[in-house]
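The values are calculated or read from the model by the stated rules, or taken from the named source; none is laboratory data. Just so it is clear, the structure is predicted and the values come from calculations on it, not from any experiment. For neighbour counting, all protein chains shown are included, and Cβ atoms are generated from backbone atoms with ideal geometry for every residue, glycine included.
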Amino acid sequence: MQAQAPLPEEPSIDIVDESFIAVDRAIVAREVARRWPQWWPGLRLEIYMDRGLEGMRWTVAGEFVGSSEVWLESHAPGVIVHYYLRAEPTVPGSSTTPRSIANTRRARTQVEDLRRRHVLAWKQVVWAMKDELEADAHAHRQ
């Protein structure tokens, strides 16, 4: 991955999400490790820390640049999937140069739209995984 410009202390896009999946953490960790490359087709993610049962951390480039993490916290009878994205939108034509965000209503609206689209995409990803894994777990119990 190319070197990127430094990011501001407080990123324009700062997403924190938690979802509960009622299956064993090891199963969720296996599925995160297997599925993550398909989650963000418009972004380039590079693993910088594979934490095994505790999740993964990535650098992010593409439509925005920064870092992302999935942290898996055991919480009987399953796992809390914590998702974080801290990033800046990129300059048009670049996948690594953060865009300077003007403090205008239009700029804030564009960033908020980008953030909202990503939050909705994440919820679709995690809920699809939740539905599938919980259905599989339920089928195996019967």
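Per-structure values
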{"read-out": "Pick from segment 25-50, criterion of a type in the set (Asp, Glu) and without any contact (Cβ under 8 Å) to a residue 60 or more places away in the chain, ranking: farthest from residue 64 (Cα to Cα)", "value": "50"}
{"read-out": "Of all residues in segment 1-24 being out of contact with any Ser or Thr (no Cβ under 8 Å at 6 or more places or on another chain) and at pLDDT below 55, the one that is surrounded by the most Cβ atoms within 10 Å (Cβ to Cβ)", "value": "7"}
{"read-out": "Selection status of residue 115, at pLDDT below 85, closer than 29 Å to residue 46 by Cβ and surrounded by 15 or more Cβ atoms within 10 Å (Cβ to Cβ)", "value": "no"}
{"read-out": "Residues of segment 118-133 that turn out to be surrounded by 12 or more Cβ atoms within 10 Å (Cβ to Cβ) and closer than 15 Å to residue 15 by Cβ, as a count", "value": "7"}
{"read-out": "Selection status of residue 59, buried (at least 16 other Cβ atoms within 10 Å of the Cβ) and part of a loop (DSSP other than H, G, I, E, B)", "value": "no"}
{"read-out": "Qualifying residue in segment 119-126 (condition: part of a helix (DSSP H, G or I), over 16 Å from residue 36 (Cβ atoms), hydrophobic (A, V, I, L, M, F, W, C) and within 13 Å of the chain's Cα centre (by Cα))", "value": "yes"}
{"read-out": "Search result, residues across segment 46-56 that are out of contact with any helix residue (DSSP H, G or I) (no Cβ under 7 Å at 6 or more places or on another chain) and either more than 28 Å from residue 95 (Cα to Cα) or crowded, with 17+ Cβ neighbours inside 10 Å (or both)", "value": "54"}
{"read-out": "Residue match in segment 79-89 (condition: farther than 20 Å from residue 23 by Cβ, surrounded by 13 or more Cβ atoms within 10 Å (Cβ to Cβ) and either free of Cβ contacts under 8 Å to residues at least 12 places away in the same chain or in contact with a Lys or Arg (Cβ under 6 Å, 6 or more places away or on another chain) (or both))", "value": "yes"}
{"read-out": "Selection from segment 76-99 of residues that are part of a loop (DSSP other than H, G, I, E, B), closer than 22 Å to residue 111 by Cα and not β-branched (Val, Ile, Thr)", "value": "92, 93, 94, 95, 99"}
{"read-out": "Qualifying residue in segment 66-75 (condition: touching a Ser or Thr at 6+ places or on another chain (Cβ under 6 Å) and closer than 16 Å to residue 31 by Cβ)", "value": "no"}
{"read-out": "Residues being at negative phi and surrounded by fewer than 16 Cβ atoms within 10 Å (Cβ to Cβ) - total across segment 90-100", "value": "4"}
{"read-out": "Residue selected from segment 62-75 under the condition part of a strand (DSSP E or B) and among the charged types (D, E, K, R), by the criterion surrounded by the fewest Cβ atoms within 10 Å (Cβ to Cβ)", "value": "73"}
